[in-house]
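Everything below concerns the one structure shown next.
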Amino acid sequence: MHHYLTALCLSLLLGAADLLAAESGTGQADTVSSPPQVSITWLGGPTMLLEFNGFRLLTDPMLGSGQHAFIMGDPNEPFDLKHGPNIKEHARLTALPETDLSQLDLLLLSHAHEDHFDQQAQSQLDKGLPLLVPEHDLGALRAKGFTAVQSLAWQQSLEYQAGAGHIRITAVAAHHSADPAMDALLGAGNGYWLEFSQGNWSKRLYWTGDTMPVSDVLTQVQTLIQQRGPLDILVPHLGRVGTPGPLGQISMGASDVVDMAHALQPAHLLPIHHSSYALYLEPISVLTEASTGEDYQLDLPQEGVTLHY
């Protein structure tokens with residue numbers, strides 16, 4: 001009888017301890033029920049570090065700094081289209097955040113122009129790092145010595161395991177210019193629809209790359225919204241680059257982004273490709289003003305600050 005009462009008391013005590021752990025937010029049950037999240041750290045320009053369940057994805061790496069951050073033709077200057085732009089050094093205006101990039105699972109490129117994959121990144125990053133790129137850039141990146149390069153055509157998808165979840169990446173058309181002749185001259189790029197999922201939880205992000213909000217871009221993304229669900233995060237490229245030069249406008253300005261948001265109805269707007277480099281002509285304050293009264297939440301983190309969705 002004594003042993004029976006002792007066992008009964010012990011059982012009741014353990015049950016009470018489990019109940020208290022659940023109510024106080026501690027214990028294994030709480031850990032299991034915690035929802036996943038996507039973390040996004042903007043590193044300046046077109047470069048973001050996205051993390052989900054331990055999977056680390058880097059976009060368009062720009063790792064140079066100072067007055068000589070990268071070398072490229074200047075689309076903002078007048079030049080003869082037959083001879084090409086003036087090749088020059090471009091300055092980074094802000095400090096490059098200190099970030100550990102030693103353990104990356106995927107490098108995602110919108111396109112391989114040097115203002116999206118600079119000389120410092122090309123030399124610093126592991127040549128065996130998996131790269132997902134537009135078809136247009138596949139050969140050039142292999143020629144630079146990257147051995148794990150894979151291309152993704154518009155409207156094609158790939159899926160990656162991320163812990164207990166998945167990341168599904170779908171390529172979307174990206175048009176540098178609304179002028180078909182200039183667009184062809186600059187080469188085809190990609191935007192990407194990224195869906196992060198685990199069980200019944202999911203977040204959907206559209207990263208535009210360098211594109212204008214032309215009809216086939218919007219149509220492709222609207223189709224994905226119809227198939228996969230509402231857009232949680234729109235990540236557009238701004239800067240209004242090229243406007244005074246012979247190429248014309250080759251990245252969106254604030255009015256273009258607002259037009260895109262009206263068409264896609266995102267919950268959050270997280271603009272990048274602004275402020276970091278002298279190459280960008282339009283200040284982010286123009287979008288801040290244009291976003292007054294809009295339905296989306298405008299997220300404007302400082303470089304190096306991590307947002308969680």
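Observations, loosely collected:
- Additional length obtainable on full extension of the chain from Gln161 to Lys88, 0.36 nm per residue less Cα span: 22.2 nm
- Per residue, the solvent-accessible area of the range 88-233 (1.4 Å probe, heavy atoms of protein chains only, all protein chains present) comes to 44 Å².
- Dividing the helix sum by the residues of the chain, where each DSSP H run of 4 or more adds -39500 (n - 2.57), gives a mean residue ellipticity at 222 nm of -7500 deg cm²/dmol.
- Dividing the convex hull volume of the alpha-carbon atoms in the range 231-296 by its residue count gives 74 Å³ per residue.
- Most mobile of Pro75, Pro35, Pro130 in a GNM of the chain (Cα contacts under 10 Å): Pro35
- Choice from Val214, Val286, Val133 showing the highest fluctuation, given a GNM over the chain with Cα pairs closer than 10 Å: Val286
- Here the Karplus relation 6.51 cos²θ - 1.76 cosθ + 1.60, evaluated at θ = phi - 60°, turns the backbone of the range 209-219 into coupling constants of x, 7, 8, 9, x, 7, 4, 6, 5, 4, 5 Hz, with x for every Gly and Pro.
- Across Thr170, Thr211, Thr223, mean-square fluctuation computed from a Gaussian network of the chain (C-alpha pairs under 10 Å connected) peaks at Thr223.
- As computed over the range 29-104, the Cα convex hull volume per residue (Å³): 133 Å³
- From the C-alpha gyration tensor of the chain, square roots of 5λ in Å: 43, 21, 19
- Global form of the range 121-165, assessed from the alpha-carbon gyration tensor, a/c cut-off 1.5: oblate
- Ordered by solvent-accessible area of protein heavy atoms (1.4 Å probe), largest first, the residues His237, His262 come out as His262, His237.
- About the Cα centre, charge dipole magnitude for the range 193-264 (Lys/Arg +1, Asp/Glu -1 at Cβ), debye: 140 debye
- Computed from phi, the 3J(HN,Hα) profile of the range 173-182 under the Karplus parametrisation 6.51, -1.76, 1.60 (θ = phi - 60°) reads 4, 9, 10, 4, 9, 6, 8, x, 5, 5 Hz, with x in place of Gly and Pro.
- Summarising the label geometry, the points placed 7 Å from Cα in the beta-carbon direction at Ser215 and Ala95 lie 4.9 nm from one another.
- Rounded to the nearest Hz, the phi-derived 3J(HN,Hα) couplings of the range 226-234 under the Karplus curve 6.51 cos²θ - 1.76 cosθ + 1.60 (θ = phi - 60°) are 5, 7, 10, x, x, 7, 7, 9, 9, where x marks glycine and proline.
- When exposed loop sites are taken as trypsin sites (Lys or Arg not before Pro) in a DSSP loop with at most 15 other Cβ atoms within 10 Å, the longest stretch of the chain clear of them is 145-309.
- Cross-link partners of Lys144 among lysines (Cα-Cα below 16 Å; sequence separation of 8 or more within a chain): Lys127
- Electrostatic bookkeeping for Ile167 treats Lys and Arg as +1 and Asp and Glu as -1; over the other residues with beta carbon under 9 Å from its beta carbon, the sum is -1.
- Stokes-Einstein D (µm²/s) once Rh is taken as the Kirkwood radius of the range 28-179 over alpha-carbon pairs, at 20 °C in 1.002 mPa s: 124 µm²/s
- Cα gyration tensor, the range 100-231 - rounded (a/c under 1.5), prolate or oblate: oblate
The values are calculated or read from the model by the stated rules, or taken from the named source; none is laboratory data. Not measured: the values here are computed from a predicted model. We place every Cβ from the backbone using ideal geometry, glycine too, and count neighbours over all the protein chains shown. Each accessible area value is taken on the protein alone, full model and side chains, heavy atoms only, with ligands, DNA and RNA left out. Shrake-Rupley method; radii C 1.70, N 1.55, O 1.52, S 1.80 Å.
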